[in-house]
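Derivation of every value follows stated rules applied to the coordinates shown; laboratory data play no part. This structure is a prediction, so every number in the text was calculated from the model and none was measured. All Cβ positions, even for glycine, are placed from backbone atoms using ideal geometry, and neighbour counts span all protein chains on display.
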Amino acid sequence: MFSDPQKNIEQLRLLPDAHVADFGSGAGHYTLAAAKAVGNMGRVYAIDVLKEMLQKLKNQAERAGFINVESVWGNIEKLGGTRLADASVDAVLVCNTLFQVEDKKDLPVEAKRILKPHGKILVVDWKESFGGMGPQSGHVVDSATARSLFEKVGFTFEREISAGAHHYGMILRRA
């Protein structure tokens, strides 16, 4: 079974008024699951470099009745690239994104910058390459490497989550 964004978001235990940044939101599966979890009092920032994906996601969110989703054209690989304020979000989602990121060292720094103290980060990515599904084998970022990327900039590992047969998942907290 593939990873289920709704189940993964439930394991993050977001509060109904939380503000969340979805790094590399793409088609928006995690954005919409988070929007449902935080409700109308919360806010989800869908951040991507592809304007056409953001427009599709914005349209999809509107059709589904979500008034708490904001599309942000930004660069998650650059300090300040998300264009969100310092300490402005309660959680950051990095789901099915790490394998696509070229500059992996700045993404955790940007996540830390926008997270409130003790904010959480959900990391979900592919365990391996599956020939035609998921990333090419040379692009897979294993769980230990992902964890290390975030711990190097001051995140504390909280726990693993069950993210499906082909994915790993973890929650880390800003120290």
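Points to keep in mind about this one:
- With both labels modelled 7 Å from their Cα along Cα-to-Cβ, the residue 50 to residue 73 distance reads 1.6 nm.
- For residue 54, net neighbour charge (Lys/Arg +1, Asp/Glu -1) across residues whose Cβ lies under 14 Å away: -1
- Residue 169 long-range amide H proximity, modeled H, under 5 Å: 161, 163
- Pairwise Cα inverse-distance average, inverted: Kirkwood Rh of the range 5-174 (Å): 15.7 Å
- Computed 3J(HN,Hα) for the range 25-39, one whole-Hz value per residue from the Karplus formula 6.51 cos²θ - 1.76 cosθ + 1.60 where θ = phi - 60°, is 4, x, 5, x, 4, 6, 4, 5, 5, 5, 4, 5, 5, 8, x, glycine and proline marked x.
- Per-residue Karplus couplings for the range 42-47, computed as 6.51 cos²θ - 1.76 cosθ + 1.60 with θ equal to phi - 60°, are listed in order as x, 8, 10, 9, 8, 10 Hz, Gly and Pro entered as x.
- Long-range amide H partners of residue 92 with built H, under 5 Å: 21, 120, 121, 122
- Restraint check, 104/152; 105/127; 112/152; 78/104; 36/78, Cα-Cα greater than 18 Å: 105/127; 36/78
- Counting only Cβ charges, +1 for Lys and Arg and -1 for Asp and Glu, the dipole size of the chain around its Cα centre is about 300 debye.
- In this structure the amide hydrogen of residue 82, modeled in the peptide plane, comes within under 5 Å of the amide hydrogens of 75, none closer than 5 places in sequence on its chain.
- Taking θ as phi - 60° and the Karplus parameters 6.51, -1.76 and 1.60, the scalar couplings of the range 158-175 work out to 9, 5, 8, 10, 7, 10, x, 5, 10, 10, 10, x, 8, 10, 10, 10, 5, 6 Hz in sequence order, x denoting glycine and proline.
- Residue 175 versus residue 6: modelled label distance in nm, points set 7 Å from Cα along the beta carbon direction: 3.8 nm
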